[in-house]
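Here's the structure we're looking at; comments come further down.
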Amino acid sequence: MARLGIVTIGQAPRTDMVPRLRPLLGPVEVVEHGALDPLGAADIAALAPEPGEQVLVSRLRDGTSARLAHDRVEPLVHRAVERAESAGADATLLVCTGSFGAVEHRRPLLFAERLLVHGVAALAAGMRVGVVCPDADQEAMTVDKWRPHTGVPLVACADPYRHDPAPAVAASARRLAARGAQLVVLDCMGYAESARTAAVAAGVPVVLARSLVARMAAELVQR
């Protein structure tokens, strides 16, 4: 059986996500690693973004969320990928839809962000795309990420890690549809199937990042 490393930019295990991914991934052994696993609370707090820094949002082991400065967490992501490969991963999936540059690796490395944007670009050809992201400070970054693949997207935000994100996700999807979106993307691996269910009430197709990414990753790792 193939072994898939799953790397989160927060802390492992991702009990909110990985159990839902397993049925989509098929018969693979999953090993989890988090970029923040080696850090204490004070070190994690020190990664909070300052004005002008790109923002990433992820989940911690205790179920709370953390806002992280992209450039300062990126070296920790590299080390988590190294740990996954050292633990015997045949391939590694980085479960963050933020954009990352070159990450050193010896075995196949899949980026959720690249699987998502290219998959949506294929699905949404000719359609006006709306994107829901976790944090208002990510809106400009989200536009820059999607523009080359779908044209300028419409963007709204809803925190996937709040106690019940469904009402906020539904409201954001409705706003995007009212502004002309013909397809809505839930652009964070933290959004669950319940968020997708809430968003489809807007009356347009909804793409859930985690299910699209997992299905594409499964094509590589299943044996």
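The values are calculated or read from the model by the stated rules, or taken from the named source; none is laboratory data. Just so you know, these numbers come straight off a predicted model, no measurement behind them. No Cβ is skipped: glycine too gets one built from the backbone with ideal geometry, and neighbour counts run over all protein chains shown. Areas reflect the complete protein model, heavy atoms only, side chains present, ligands, DNA and RNA absent. Shrake-Rupley method; radii C 1.70, N 1.55, O 1.52, S 1.80 Å.
Its relative contact order, with pairs defined as Cα atoms under 8 Å and 6+ residues apart, puts the chain at 21 percent.
Coupling constants for region 108-121 follow from the phi torsions by the Karplus curve (6.51 cos²θ - 1.76 cosθ + 1.60, θ = phi - 60°), and in residue order they are x, 10, 9, 9, 4, 4, 6, 4, 5, 5, 6, x, 5, 4 Hz; glycine and proline get x.
For region 46-119, the share of DSSP beta bridges that are antiparallel, to the nearest 5, is 60%. With the biggest extent put first, the Cα atoms of region 1-90 measure 45, 24, 22 Å across the principal axes.
In sequence order, region 174-182 has phi-based couplings of 5, 4, 5, 5, 5, 8, x, 5, 9 Hz under the Karplus curve 6.51 cos²θ - 1.76 cosθ + 1.60, θ = phi - 60°, and Gly or Pro positions carry x.
Solvent exposure of the chain, expressed per residue, is 43 Å² of accessible area, with all protein chains present and a 1.4 angstrom probe.
Max-minus-min Cα coordinates of region 111-186 on each principal axis give 33, 29, 20 Å, with the largest extent listed first. What translational diffusion coefficient, to the nearest whole µm²/s, does region 67-223 have by Stokes-Einstein, given a Kirkwood radius computed over alpha-carbon pairs, a temperature of 4 °C and 1.567 mPa s viscosity? For these conditions, the coefficient is 80 µm²/s. Scanning residues 5 or more positions from residue 54 or on other chains, those with amide H under 5 Å from its amide H are 70, 71, with H placed 1.01 Å from N in the peptide plane. Taking only protein heavy atoms and a 1.4 Å probe, the accessible area of the chain is 52% carbon and sulfur.
The amide H of residue 157, built 1.01 Å from its N in the peptide plane, has 133 as neighbours under 5 Å, considering only residues 5 or more places off or on other chains. A dipole drawn for the chain from +1 and -1 charges on Cβ atoms has a positive end, and of 73, 12, 191 the residue lying farthest that way is 191.
Remark: spin-label model distance residue 144-residue 87 equals 3.2 nm, labels positioned 7 Å along the Cα→Cβ axis.
Counting only DSSP beta bridges whose two residues both lie in the chain, roughly 15 percent are antiparallel.
Potential lengthening of the chain between residue 79 and residue 41 amounts to 11.8 nm, from the contour at 0.36 nm per residue minus the alpha-carbon distance.
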